[in-house]
Structures are given as structure tokens and as C-alpha cells.
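Presented below is the structure to which this report refers.
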Amino acid sequence: MAKILVTGGAGFIGSNFCNLMVKKGHEVTALDNLSLGVKENLVPEVKLIVGDVRKREDLEKVGYVDYIVHLAASSSAPMFDSDLRGAFENNILGHIDVLNYARDIKAKKVMFASTSSIYGNNPTPLTEDQLVIPPNFYSVTKFAQEGTSRIYSTKYDLEIIAFRFMSVYGPNEGHKKVYANVLSQFIWEMAKGKPAVLYGDGTQERDFTNVRDVCQGIEKAMNSEKKYGFNIFNIGTATAISLNELVGIINKVMGKNIPPQLIPNPLKGIYIKTQLAGIDKISSELGYAPSVGLEEGIKEIVDNLDPARIPLMQE
Ligand SMILES: NC(=O)c1ccc[n+]([C@@H]2O[C@H](COP(=O)([O-])OP(=O)(O)OC[C@H]3O[C@@H](n4cnc5c(N)ncnc54)[C@H](O)[C@@H]3O)[C@@H](O)[C@H]2O)c1
């Protein structure tokens, strides 16, 4: 049994990881300021501390833990448009605050969420050894987290792992509303009989990764005895499909035939054309293997949709 702190534990990925870890017998504390996440995402066995990673007194309420899974962040590129300074402070200074805490309590390992959007339109498959030029403010903050962690691990002898998640989807995403994965948003809209709205011609491709596989990757890193100092791992499926194909699969699973609505891309700046993870590194180092097929993952969300609780995107 390990003691685990999950920052951002009431959020999408955090709650899935917390709920899985308590099921496996670990003692899990979620620290979340509930700026986006909701306590309903967590099973009662998870101890929730409502607090902020940037406040030392809130971190200290957690006490000693073996592992820290740091997921608290301004978690989506559009969030940076409304409050650029606040989002930089949250992601960069908040990250330093978590690392300082980990150092002071002598935690065995810190694992945190970077992002695959850091790769921009690099050639695929995306691999961890590629040169990256972060294409937006959000990925700039994740790049800063990675760089800070690399120095930190050497200076303070702390084991730190960064994950570059691809497009993660799965249960407990409702609180994210417009910030949720397009896959979930498409399902919510199509469940109401509305078309999925696709930017451009819908040929852009994404490596849709079920949150269960993200949890698998984090758990494998946590349990690994290997010492890296600092290391970076992609988590994805090594397959990509276009948004047009995605809408086709959702229609098939839902027994519907709603064509997507194509609109000109309203986003300025770099738009990712193809996201496809290289996963050789995490497979060979940690024994990770994607386990949830896309159709299976979509079916699970569709089967569990409560028509009375489909997120309203305009809220
Ligand atoms: N979902 C994806 O596809 C994806 C892909 C790549 C990276 N990530 C990263 O993974 C992490 C988790 O993302 P998610 O999809 O679960 O998003 P999420 O927004 O659901 O989770 C983040 C949680 O952190 C909390 N939070 C934010 N700032 C905080 C603070 N200062 N102190 C305490 N809690 C705070 C929020 O309330 C929220 O519950 C984020 O770091 C995100 O950038 C997500």
C-alpha cells in the first residue's frame, strides 16, 4: 500500500486515477481547488482536500506521501485567452510549489502531466527525442514545467517523470464542458440529435487515448524501480483517426446517422494536423501497452450517458 497525493484529483484524469488507486488498496488524497473539477467525480474512499497547490499550508494538510501525481493546472489552451497571467502562474509557479513540497517531504517520485501539444506539427510518430517548439501559451507552460523539472531533479536528487498525454477521453469529463475532449463533446451533441461541429474539412487526425490507459501509464511509472532522475514519456495508442472517421464511429455506436457540420477553422495560430504518438519508449521502459479500443471506449461513454445530465455547452 502506498500513500499517493493527486493534485487536480477532482478533475477528469485525476479522479479516474484516484478512484482506480483506492480500488487497488492505496491511500489516496486528492488536492483540488475545485476551480473546474467536482467532488462528485470521486468515490468516497478518496480523501479530498479542497485547496490550492500554490498554498503551502494546503499542501501541508496532506502530510507525507510516497508519490505525487501532479495534474492540477489550467488544463486547456483556450483558458489562457481569458487570463494569461493567472494561467502562467498556476502552471509554472504551482509546479514549482509542488516540487518544493516533494523535495521537503522526501517523496519517492513525482509524476506530472505535460502535453503532446508541445510537439506542434512535428513529423509523426511523435517521439520524446524530437526537438519541440511549443505552439501555444498552454504548451509553453508545460515546456517550462519539463525544463524546471529536469534541473530540479539534478539539483535536489528527486525522481520526476513527465507524461505527454495525447487526446485523452473517458468518464468524468462532464465538468470540463467546452474544454472537454472533442470526442466527448461530439457524443454529447449527437446524443441531443445535433451535429458534431468540425473545423476545416475534418481530415485532421488525433490519437484518442482512453483515460484507463493514461492511468495504466502513470501506475506503471509509479511502480517502476528504475531510476531516471528526470524522464519524459508519451502516453497514447500509436494510432490516429480523422475527426470525420470519429463521427462515423460515434454514429455507428449510437445507431444514428448525423453528418458532421464543417465550418472554417476559427482558431488563429498553429493548428495540429496530425497527432500520433510514438510509444516505443514507454512500452520498452515501463511495459505499457494500450488496452482500450476506440469503439469500446466510445461505447462505454454512450452506454453510461444520463440524458438528464448531458453537459450544456453554452453554460
Ligand atoms: N485531458 C487531456 O486530453 C490532456 C492532455 C494532455 C495533458 N493534460 C494535462 O493533464 C492534467 C489533467 O487534465 P484534465 O483533463 O484532468 O483536466 P481538469 O481540468 O479536469 O483537471 C485539472 C484539475 O486541477 C484543478 N486545479 C487547477 N488549478 C489548481 C490549483 N492551483 N490547485 C489545485 N487544483 C487545481 C481543477 O479544479 C481540475 O479539477 C492537466 O495538467 C492537463 O494540462 C490533459
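The values are calculated or read from the model by the stated rules, or taken from the named source; none is laboratory data. Source: prediction; values computed, not measured. Glycine gets a Cβ as well: all are built from the backbone with ideal geometry, and neighbour counts include every protein chain shown. Calculation scope for accessible area: heavy atoms of the full protein, side chains included, ligands and nucleic acids excluded. Shrake-Rupley method; radii C 1.70, N 1.55, O 1.52, S 1.80 Å.
Within the range 136-143, can one find any residue that is part of a loop (DSSP other than H, G, I, E, B) and either open to solvent by 30 Å² or more (accessible area, probe 1.4 Å) or closer than 24 Å to Glu295 by Cα (or both)? Within the range 136-143 (the criterion being part of a loop (DSSP other than H, G, I, E, B) and either open to solvent by 30 Å² or more (accessible area, probe 1.4 Å) or closer than 24 Å to Glu295 by Cα (or both)), the answer is yes, since at least one residue qualifies. Exactly one of (1) open to solvent by 10 Å² or more (accessible area, probe 1.4 Å); (2) touching a Lys or Arg at 6+ places or on another chain (Cβ under 7 Å); (3) of a type in the set (A, V, I, L, M, F, W, C) is unmet by Val197. Its number? Evaluating Val197 over (1) open to solvent by 10 Å² or more (accessible area, probe 1.4 Å); (2) touching a Lys or Arg at 6+ places or on another chain (Cβ under 7 Å); (3) of a type in the set (A, V, I, L, M, F, W, C) leaves (2) as the failure.
As for the range 132-141, it holds no residue that is under 22 Å from Ala10 (Cβ atoms) and away from the ligand (no atom under 12 Å from the Cβ).
Please work out if Gly51 is of a type outside the set (S, T, N, Q), within 9 Å of the ligand (Cβ to nearest atom), over 27 Å from Met166 (Cα atoms) and touching a helix residue (DSSP H, G or I) at 6+ places or on another chain (Cβ under 8 Å).
Values: of a type outside the set (S, T, N, Q): yes; within 9 Å of the ligand (Cβ to nearest atom): yes; over 27 Å from Met166 (Cα atoms): yes; touching a helix residue (DSSP H, G or I) at 6+ places or on another chain (Cβ under 8 Å): yes.
So Gly51 fits the description; yes.
Within the bounds of the range 77-99, is there any residue that is near the ligand (Cβ under 7 Å from one of its atoms), among the small types (Gly, Ala, Ser) and assigned to a strand (DSSP E or B)?
Let us first name the residues in the range 77-99 that are near the ligand (Cβ under 7 Å from one of its atoms), namely 90, 94.
Still in the list and also among the small types (Gly, Ala, Ser): 94.
Cutting the leftovers down to assigned to a strand (DSSP E or B) gives us none.
Looking through the range 77-99, none of the residues is near the ligand (Cβ under 7 Å from one of its atoms), among the small types (Gly, Ala, Ser) and assigned to a strand (DSSP E or B).
Among residues that are more than 25 Å from Thr115 (Cβ to Cβ) and in the same structural domain as Ile118 (by TED's automatic domain parsing), Val50 is included. Against the criterion of being in a strand (DSSP E or B) and either surrounded by 20 or more Cβ atoms within 10 Å (Cβ to Cβ) or within 15 Å of the ligand (Cβ to nearest atom) (or both), Leu59 does not qualify. List every residue pair whose Cβ atoms sit under 6 Å apart, with the two residues 6 or more apart in sequence or on different chains, where the first one lies in the range 83-112 and is surrounded by 16 or more Cβ atoms within 10 Å (Cβ to Cβ) and the second, anywhere, is among the charged types (D, E, K, R). Every condition considered, the pairs that remain are Gly94/Arg54; Asp97/Arg54; Lys109/Glu159.
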